[in-house]
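Data block below; observations after.
Throughout, read-outs are computed from the coordinates displayed, never taken from laboratory work. In this text, all values refer to a predicted model and were calculated from it rather than measured experimentally. Cβ: placed from backbone, ideal geometry, glycine included. Neighbour counts: every protein chain shown.
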Ligand SMILES: [Zn+2]
């Protein structure tokens, strides 16, 4: 909404609250292109796509337990198409119980949306983008948020000044990131020592390539204390691991969703948003079988989650790691293989990676977002943040994942790439984006559709994460 707060647009009309975004005036007759409904527990979206801008008004009517929204759209006529599209509404929609369309006046169509529970609507219009024409969007959130992560995010979004809180969260996250790095380093040293004592690894001598002094496992003793050499047999078989009891939270982000299909395969018209959701679901299920891991999805069905919110969800869940799952596409059908990206904030990226970043970041424009004050606050904070530690960690985790993926698929790029992807911009959470395979390559599109390949990719990503955090276990 261009600079005008919603409150200034609220009128009290006979006990009803009337929101009016555009004045109803004589408008050019509009053609309905499509009406899409994306139900999800997070929010249900109704998108009305049309060919020219349309003036509209909406009113929430609350009467006891009955809640409905009445929408008046000028310049639209009631057609069989509109009636049919409205009837596509699913009975299992968490919010909508039914929609009716009727001719309100000669030039105006009335939509009545009945709700199963009280909703907090966000209504906005979008200009044409990509293959979409004008869109009128109704995002219907629950009036009372039950999901703890969404409750936190929406509370922040409604705060007039959330900067202090976001900064505190980021500082906390950065602390967590450092602890994990220390633990993973500790573990790799521990594994080395365990290997030496079990005779699997021949210890290196000073002067050998890459030799490093082993850090002391004991607290430094006072120089006055008598030095007693510990008998060898009393040494623990495995090195005690610090922070071992802490559960690591992994936020798995299936790219795209809802209005944003992502890339579409040419051979079978496979949608990226669908295959990446399958892969992500397997990854989450497998990681959750490993003790000490808790994995979550940013979306668990086909609806759009704005890029910022994917990051917000990771932060609200106090995630230790964020992985966004995608399928690549390129104009040449021969392009193939997997690749991994970490964030690049240096601005010295290749032209191709710049193009990729623009393409990825367009997801919000295709998916359709209502830019909030909160989003602007976060964007401002990020400008001043250092990403050095996050990027360095992300590259390290990315390398582990790439090594695992190399076992199951051709690599498109043999090292972790960097690009300025909005979804990787959490200064406090190591974040990578995995391009699992090229959906634009007919052979890889075919593979991406199979459960077997989806499983292989998911397990490879999972194994890379386990190794990155220095945790044992193997997914297959
Ligand atoms: Zn993608």
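Working from Cα pairs under 8 Å separated by at least six residues, relative contact order for the stretch 248-468 is 33 percent. If you sort the three axes of the alpha carbon gyration tensor as a ≥ b ≥ c, you get a/c of 1.5 or more for the stretch 303-430 and a/b above b/c, which makes it prolate. Packing, taken as the mean count of other beta carbons within 10 Å per residue, orders the peptides 254-260, 75-81 from highest to lowest as 254-260, 75-81.
Distance from the alpha carbon centroid of the stretch 410-440 to that of the stretch 243-283 works out to 13 angstrom.
Sorting the segments 85-96, 41-52 by their residues' average number of neighbouring beta-carbon atoms within 10 angstrom, most packed first, yields 41-52, 85-96. Overall shape: oblate for the stretch 113-175, with the ratio a/c of the largest to smallest alpha carbon gyration tensor axis at 1.5 or above and b/c at least equal to a/b.
Of all beta bridges that DSSP places with both ends in the stretch 248-468, some 20 percent have antiparallel geometry. Overall form of the stretch 248-468: rounded. Here a/c, set by the Cα gyration tensor axes a ≥ b ≥ c, is under 1.5. When peptides 331-340, 461-470 are sorted by average Cβ neighbour count within 10 Å, with the highest value leading, the order is 461-470, 331-340.
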